[in-house]
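Data block below; observations after.
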Ligand SMILES: Nc1ncnc2c1ncn2[C@@H]1O[C@H](COP(=O)(O)OP(=O)(O)O)[C@@H](O)[C@H]1O
Ligand SMILES: [Mg+2]
């Protein structure tokens, strides 16, 4: 891993008509790190992730990985959307095989797919079709696909919505593992406890703009709070101040 293995976002801006959904946003996430993107509904979290995933064209700003413009044609950016979709008629294994062909992986993809299915506890679901999978399983298929194509940047949007406590714990562990494996993880969530548990750094977003950024300790200090205050307290203090 080199210092160059990082996502650098500078001045990202995205408008929908008169709405400035993302307004000059800048941040960095290094390989092996989890950054939390938090903010109220409509803050611009999903739009940010979609721009980084290449699903929405940004109006301006730069996104780089390792010093080069971030590419979207090589599978290195994986998006786990809030409503994860997999091909309804393909089995879990076929879905991974489709991704392997799409990304022109060599025959070793099969062994890698087995490993990822084992790791994400999907092996016993391998012959189930996408249409029969729960949300938690669809998320895991998408994460397995991102692992298979060796995504270096994982964009994860509101991963806990609709999961039971067991599923939530699994997702927490998985995101930690994917980061430990060297992925840069950008986690958007309005569940501040989750972000506090996982993220080393946080950007607080409101109306498309950064209100504060840093480690949770730095945010606490910026908000004039003490070590016993949690991210939720910090979040409300910072949003109150910025009006
Ligand atoms: N496709 C779209 N067309 C028009 N406005 C949109 C679209 N997507 C998002 N917006 C607007 O952009 C802003 C940011 O939305 P979003 O990124 O979904 O926020 P968040 O994920 O933080 O809840 C909101 O004002 C939302 O209404
Ligand atoms: Mg959203």
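Every number in this text was worked out from the coordinates using simple rules, so none of it is lab data. Owing to the predicted nature of the structure, the values given are computational and were not obtained by experimental measurement. Cβ: placed from backbone, ideal geometry, glycine included. Neighbour counts: every protein chain shown.
Scanning the range 195-215 for residues that are within 16 Å of ligand 2 (Cβ to nearest atom) and without any contact (Cβ under 8 Å) to a residue 60 or more places away in the chain yields no hits at all. Taking the conditions exactly as written (touching a strand residue (DSSP E or B) at 6+ places or on another chain (Cβ under 9 Å), closer than 23 Å to residue 5 by Cα and assigned to a strand (DSSP E or B)), does residue 186 satisfy them or not? Considered against the rule, which asks whether it is touching a strand residue (DSSP E or B) at 6+ places or on another chain (Cβ under 9 Å), closer than 23 Å to residue 5 by Cα and assigned to a strand (DSSP E or B), residue 186 comes out as yes. When 49, 37 are checked against the criterion of being in contact with a helix residue (DSSP H, G or I) (Cβ under 6 Å, 6 or more places away or on another chain), closer than 23 Å to residue 7 by Cα and within 16 Å of ligand 2 (Cβ to nearest atom), 37 stands alone in meeting it. Screening residue 12 against (1) within 13 Å of ligand 1 (Cβ to nearest atom); (2) surrounded by 15 or more Cβ atoms within 10 Å (Cβ to Cβ); (3) part of a loop (DSSP other than H, G, I, E, B) leaves a single unmet condition, (3). Taken together, 59, 23 contain a single residue that is in contact (Cβ under 8 Å) with a residue 60 or more places away in the chain and within 16 Å of ligand 1 (Cβ to nearest atom), which is 23. Residue check: residue 100 meets all listed conditions (1) crowded, with 19+ Cβ neighbours inside 10 Å; (2) without any contact (Cβ under 8 Å) to a residue 60 or more places away in the chain; (3) within 16 Å of ligand 1 (Cβ to nearest atom) but one, namely (3). Within the range 69-85, residues that are more than 20 Å from residue 100 (Cα to Cα) have Cβ atoms under 7 Å from residues that are assigned to a loop (DSSP other than H, G, I, E, B) in these pairs: 82/158; 82/161, counting only partners at least 6 apart in sequence or on another chain. Just one of the numbered conditions (1) outside any helix (DSSP H, G or I); (2) crowded, with 20+ Cβ neighbours inside 10 Å is not true of residue 141: (1).
Can you tell which of 218, 170 is more than 16 Å from ligand 1 (Cβ to nearest atom) and touching a residue at least 24 places away in the same chain (Cβ under 8 Å)?
When all the criteria are applied, what remains is 170.
Only residues that are under 24 Å from the mean Cα position of the chain (by Cα), surrounded by fewer than 19 Cβ atoms within 10 Å (Cβ to Cβ) and farther than 21 Å from residue 167 by Cα were counted across the range 110-131, and they come to 2.
Take residue 4 and decide whether it is within 16 Å of ligand 2 (Cβ to nearest atom), out of contact with any helix residue (DSSP H, G or I) (no Cβ under 9 Å at 6 or more places or on another chain) and assigned to a loop (DSSP other than H, G, I, E, B). So residue 4 does not fit the description; no.
In the range 53-69 there is no residue that is over 29 Å from residue 128 (Cα atoms), assigned to a helix (DSSP H, G or I) and within 16 Å of ligand 2 (Cβ to nearest atom). Listed by first and then second residue, the pairs linking a residue in the range 32-49 that is within 14 Å of residue 190 (Cβ to Cβ) to a residue that is in a loop (DSSP other than H, G, I, E, B) and within 10 Å of ligand 2 (Cβ to nearest atom), with Cβ atoms under 6 Å apart and 6 or more places separating them unless they lie on different chains, are 45/39.
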